[in-house]
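Here is the structure we will look at, set down as structure tokens.
The values are calculated or read from the model by the stated rules, or taken from the named source; none is laboratory data. Just so you know, these numbers come straight off a predicted model, no measurement behind them. All Cβ positions, even for glycine, are placed from backbone atoms using ideal geometry, and neighbour counts span all protein chains on display. Accessible surface is based on the protein model in full, side chains and every heavy atom, while ligands, DNA and RNA are left aside. Shrake-Rupley method; radii C 1.70, N 1.55, O 1.52, S 1.80 Å.
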Amino acid sequence: MMKLELRNNVQKTVCVGVMAALLAVLSQISLPLPSGIPVTLQTFAVALCGCVLGPAMGTLAVAVYLALGAVGVPVLAGFGGGFGSFLGVTGGYLWGFLPLALLCGLAALSKNRGIAAGLGMAGLALCHIFGVIQFGLVMSVPLLEAFLIASAPYLLKDILSVVLAYFAAMAIIASLKKAGRGGVV
């Protein structure tokens, strides 16, 4: 796959900020569920950050988003914010966004689609593992029950999100290349 080649720190900073903002916007498309974990487009946006910007800058964009949320800016799902969000039922998923972005970024660099798919799914698995563990601890339920409530209902949507983010990133980068607005390597 291709990766954006940003020539200077201004371009890098702008792209990280734009992707963090996109993640904040897509986090607001949210369908609340009784489990306390909403259906959102966050997984897609996190994977897109990694796939478009690569492992380092994609993870940085997600870290910026998380930092904004941690200090109380209402960027998290449902216009949430504050460090308490990282300690609640969805907090594990928030922490899990970092390895998801990193591994999706590595996937985007791979020329082998099988390896890319494996890396993207490994990132998603880590995100869900973090989410299930924290959900189980906060709700005082066994891990299997936590998985059935907090992970299983979202898996298909999240797998599709990671796959679609990979292909959307390819299209975005190709469009930028064609427009002469973003060199690629």
Could you please give the count of residues in region 7-28 that are free of Cβ contacts under 8 Å to residues at least 24 places away in the same chain, open to solvent by 40 Å² or more (accessible area, probe 1.4 Å) and within 13 Å of the chain's Cα centre (by Cα)? 2
Any chance GLY72 is at pLDDT 95 or above, surrounded by fewer than 15 Cβ atoms within 10 Å (Cβ to Cβ) and either at positive phi or in contact with a Leu (Cβ under 8 Å, 6 or more places away or on another chain) (or both): yes
Do you know which residues across region 157-185 are of a type in the set (A, V, I, L, M), over 20 Å from LEU23 (Cα atoms) and open to solvent by 80 Å² or more (accessible area, probe 1.4 Å)? VAL185
Among the listed residues LEU94, LEU31, which satisfies the condition of being free of Cβ contacts under 8 Å to residues at least 40 places away in the same chain, over 21 Å from TYR166 (Cβ atoms) and surrounded by 22 or more Cβ atoms within 10 Å (Cβ to Cβ)? LEU94
Given THR43, THR59, which one is in contact with an Asp or Glu (Cβ under 7 Å, 6 or more places away or on another chain) and within 22 Å of ILE172 (Cα to Cα)? THR43
For region 34-48, name all the residues that are in a loop (DSSP other than H, G, I, E, B) and open to solvent by 20 Å² or more (accessible area, probe 1.4 Å). PRO34, SER35, GLY36, PRO38, LEU41
Conditions first: (1) in contact with an Asp or Glu (Cβ under 9 Å, 6 or more places away or on another chain); (2) buried (at least 17 other Cβ atoms within 10 Å of the Cβ). MET139 passes all but one, so which condition is the exception? (2)
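Taking the condition of being open to solvent by 60 Å² or more (accessible area, probe 1.4 Å) and assigned to a loop (DSSP other than H, G, I, E, B), how many residues in region 75-91 meet it?
Step one: list which residues in region 75-91 are open to solvent by 60 Å² or more (accessible area, probe 1.4 Å), which gives 79, 83, 87.
If we keep only those that are assigned to a loop (DSSP other than H, G, I, E, B) as well, we get 87.
Qualifying residue count for the region: 1.
Condition test on VAL62, is it within 18 Å of ALA122 (Cα to Cα) and in a helix (DSSP H, G or I)?
It is true that VAL62 is within 18 Å of ALA122 (Cα to Cα) and in a helix (DSSP H, G or I).
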